[in-house]
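Asker: Structure provided below as structure tokens; questions to follow.
No value in this document is a laboratory result; all are computed from the given coordinates. None of these values were measured; they are calculated from a predicted model. Quick reminder, even Gly has a Cβ in these numbers, built from the backbone with ideal geometry, and neighbours come from all protein chains shown.
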Amino acid sequence: MQKTHFNPKGQNKWFLAAKTAVLFVTLVCQSWILTAQKAPFPIRAVDEQWVREIERLLPDKPMGLGDPCSKRAVWDKLRQSGKYDHFLQQMEHYSFPPFSKEDYFSLSDGSASSSARGLGMMRKRAEGLSKLTWAECLENKNRYTSMIEEGLRSILDQKSWVSPRSDYGFKNYKGIAYSVELTSSLYAHTIAQTLYLMGAKIDPQLKTAAINALQKRIFEPVLNKISTQNTDNENSFLIATNNWNHVCLAGLVGAALAAIEDKHERAVFVAIGAYYANNGLAGFGSDGYCTEGIGYYNYGFGHYILLRECIWQATGGKIDLLATPKVQKIACYGPHLQIMNGVYPAISDSREGAKPDSGILTYLSRNLGLGLEPYDTLTYEGKTNDIRNDIMMVFPNSASLCQPQQQKRSQQQLIRSFFDSTGVLICRPVPGSSCVVGVAFKGGNNSESHNHNDVGSFTIAQADQIMVGDPGAIPYTANIFTPAYRYTYKTIGSFGHPVPLVAGTQQQAGAGARSATIHTAFSPKKDEMTLDITSAYNVPELKTLKRTMDYNRTEKGSVTFTDHFEFTRPKAFETVISTRSTWNQVSKNTLLLTREKEKMLVTFSSPGNNLSLRSEEISEGGMPYSRIGIYIDKPVKSGQIMITYKPAN
């Protein structure tokens, strides 16, 4: 099969104008979009007129990412680069990971406390098929072909492709019903890519069996969901507004484009992908903010990119899922969330240390002309974790065929990012100044995807260390997403976050618990923002609770948080420092935080009141941190607590 690599000549100019292909998408989507005034976009019958339009754009034969093994030009160049030598040496002793029934049921039978064991086993098998396919395509000696075929047969015989956590009633394992979710979509796309890349090397009967399995377990269940519009849990990713939507659609559509012979059927799945992906986009703020945090941004929006590239290549660039203003705002989320020196806040279910994936930033910067200089020239040879993204990034794609663009940023853009509709502010030093402190201040609400009760939370960085702030994620247990248990975890409830404890009461969950931005004042030297977070607490006596952040970027910098509160009658009030720094109380109202080479002084006061401390270490299976409660000794009717953070190096 002959594959064409598209040449997006003048593409960056087209993106800025956003007229040509956007007009096409707008016209063919119009009947669906006009009837769905609010996200999520509902399940509805596929628009056959649109499908016929898409069908005219598709190649006659299925087409995956990269080139088949038989087309050697790029493969031989990759092999000769030397960047895969170590991988190929390791593969000489590789054995395909077995399926383990014990691991699959380890969470449900209580032999494991989290989903990691079963999920890890399942995904290692998909990774195994990818690694073997990489090795054979690089070498082209048929050394790994029989192992690939054995791995395929083993996966086809596997009772479930679904993550144990998502196999409701174990219907997939029992063969009662099949569903597309995070792991099964990975299996589907990996199988389809294997068939496409290996081509005639795969036994024809095995190829037929694999395609039949894809139809039975992946394609037909989704089409049935759309045609019957049933309300079962299975395949509800179509209307999800979180990372599930884009992850599952990327695997579904990518598999269809690479494996289905019938062009009309492929067009149906392109239409499904392009329409239902709007639900995933609806989960982002209108300012581009991702409430799930940077880790799930990598996972979810990274798969949106994968979906976009599959459709872009299959349609010769005529359908482009990047060509909307909101997507371009979402594309800037990663760079805008950085506090300083590669430090990002661990908001929601993100772990401390998580950063935007470099491949995502390269892809977006080059496609959208963002001018992210460190990423525009990165190359990705040597990565072999999968045969989807890692293949896409080393073969000609829409990003590699674009010329990097230079973009001069104003001082305002360099020192501050404000997600105004969400209420999240990032403040940074002036580049080249003596200031070494930056801060992220979060508003939002307590009904976000992967929600933590964290309205008013913050993270303070000094140099390249997080000194104080949101503790991030803990390992997933059997009940961690069950509403009755989720907020009993201190790290997910507000107790472990640097937010007040009001009259002994934590923040409540739900959309009604939300911040209101009531004051901002930004200047080259100082930034201020005040949030009203009263609604986050179900305390009848609480009249008002406002949190003000004052950031000073002069000299070495400082951050002050002030909580102003008022009750109808005297009540207890406590504010919190959450930190993984080593800490010592050096005076009655002063702490010294130390992390690596960085030291920070913390001073606290409350006019007219005496303050005391209480602390505890919290881990809940994750990285331990200290919760330092600073509380007023006796109930008061109103008052304020001020805490200032300054470098002590």
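Asker: Over the chain, calculate the relative contact order: mean separation of alpha carbon pairs under 8 Å at least 6 apart, over the residue count, as a percent.
Answerer: Working: 1318 pairs, mean separation 75.1, N = 649.
Over the chain, the number comes to 12 percent.
Asker: Another question about this same structure. Test of understanding: what is the full-extension gain from Q412 to H564, defined as 0.36 nm times their sequence separation minus their Cα-Cα distance? Display every interim value, and only then the final one.
Answerer: Details: separation 152, 0.36 × 152 = 54.72 nm, distance 2.89 nm.
Using 0.36 nm per residue and subtracting the Cα-Cα distance, I get 51.8 nm.
Asker: A further question follows. Compute the separation of the alpha-carbon centres of region 267-303 and region 72-95 and state it in Å as a whole number.
Answerer: Cα centroid of region 267-303 versus Cα centroid of region 72-95: 34 Å apart.
Asker: Compute the angle between helix 116-139 and the longest alpha-carbon principal axis of the chain, please, reported from 0 to 90 degrees and rounded to the nearest 10.
Answerer: The answer is roughly 50 degrees.
Asker: Also, quick follow-up: Which trypsin sites (Lys or Arg not before Pro) does region 497-529 hold that lie in a coil by DSSP with at most 15 other beta carbons within 10 Å?
Answerer: Counting only loop positions with at most 15 other Cβ atoms within 10 Å, the trypsin sites (Lys or Arg not before Pro) in region 497-529 are K525.
Asker: Would you kindly calculate the translational diffusion coefficient of the chain, applying Stokes-Einstein with the Kirkwood radius from alpha carbon pairs, for 4 °C and a viscosity of 1.567 mPa s, and quote it in µm² s⁻¹ without decimals?
Answerer: For these conditions, the coefficient is 49 µm²/s.
Asker: With each pseudo-label sitting 7 Å past Cα toward Cβ, what's the V430-K174 distance in nm, one decimal?
Answerer: Calculated label separation equals 6.8 nm.
Asker: Give the residues of region 238-272 whose amide nitrogen is closer than 16 Å to a point set 7 Å from the Cα of Q215 in the direction of its Cβ.
Answerer: 256-269
Asker: For S350, what charge total do you get from the other residues with a beta carbon under 15 Å from its beta carbon, if Lys and Arg give +1 and Asp and Glu give -1?
Answerer: Details: positive: R351, K355, K442, R580; negative: E292, D349, E352, D357, E448, D454, D470.
Around S350, the charge tally is -3.
Asker: Would you kindly state how much longer the chain becomes between Q405 and Q89 on full extension, computed as 0.36 nm times their sequence separation minus their alpha carbon distance, in nm to one decimal?
Answerer: In short, 109.9 nm is gained.
Asker: To the nearest 0.05, what FRET efficiency results for S146 and D60 with a Förster distance of 25 Å applied to their C-beta separation?
Answerer: The value I calculate is 0.20.
Asker: In whole percent, what relative contact order does region 369-444 give with Cα contacts below 8 Å and a gap of six or more residues? Spell out each step's value before the answer.
Answerer: Values: 68 pairs, mean separation 17.5, N = 76.
Relative contact order, region 369-444: 23 percent.
Asker: From the phi angles alone, apply the Karplus equation (6.51, -1.76, 1.60; θ = phi - 60°) to region 242-254 and give each ³J(HN,Hα) in whole Hz, x where the residue is Gly or Pro.
Answerer: Rounded to whole hertz, the list is 10, 4, 3, 4, 6, 5, 5, 5, 4, x, 4, 5, x.
Asker: Could you tell me how many degrees, from 0 to 90 and to the nearest 10, lie between the Cα long axis of helix 263-282 and the main elongation axis, the longest principal axis, of the Cα atoms of the chain?
Answerer: Between helix and principal axis, roughly 0 degrees.
Asker: Between region 514-548 and region 187-201, what is the separation of their alpha carbon centroids in Å?
Answerer: 53 Å
Asker: Using only Cα atoms, tell me the angle between helix 294-314 and the longest principal axis of the chain; keep it within 0 to 90° and round to the nearest 10.
Answerer: 30 degrees
Asker: Using modelled amide H (1.01 Å from N, peptide plane; none on Pro or chain starts), what sits under 5 Å from the amide H of G371, excluding residues fewer than 5 places away?
Answerer: Result for G371 returns Q405.
Asker: What full-extension length gain, to one decimal in nm, is calculated for K526 and Q49 as 0.36 nm per residue of separation minus the Cα-Cα distance? Please report the intermediate quantities before stating the final value.
Answerer: Numbers: separation 477, 0.36 × 477 = 171.72 nm, distance 5.58 nm.
Result for the pair: 166.1 nm of gain on full extension.
Asker: Shifting gears a bit: Whole Å is fine, so just give me how far the alpha carbon centre of region 621-640 lies from that of region 464-480.
Answerer: 18 Å
Asker: Could you tally up the Lys pairs in region 414-647 with alpha carbons closer than 13 Å? Skip any pair fewer than 8 positions apart unless they're on separate chains.
Answerer: 9
Asker: Hey, which lysines would be in cross-link range of K61, C-alpha to C-alpha under 24 Å, not counting anything within fewer than 8 residues on its own chain?
Answerer: K3, K71, K201, K207, K216, K263, K318
Asker: Another question, if that's okay. For region 414-647, rounded, prolate or oblate, judged on the Cα gyration tensor with a ≥ b ≥ c (square roots of eigenvalues), a/c < 1.5 rounded, else prolate if a/b > b/c?
Answerer: rounded
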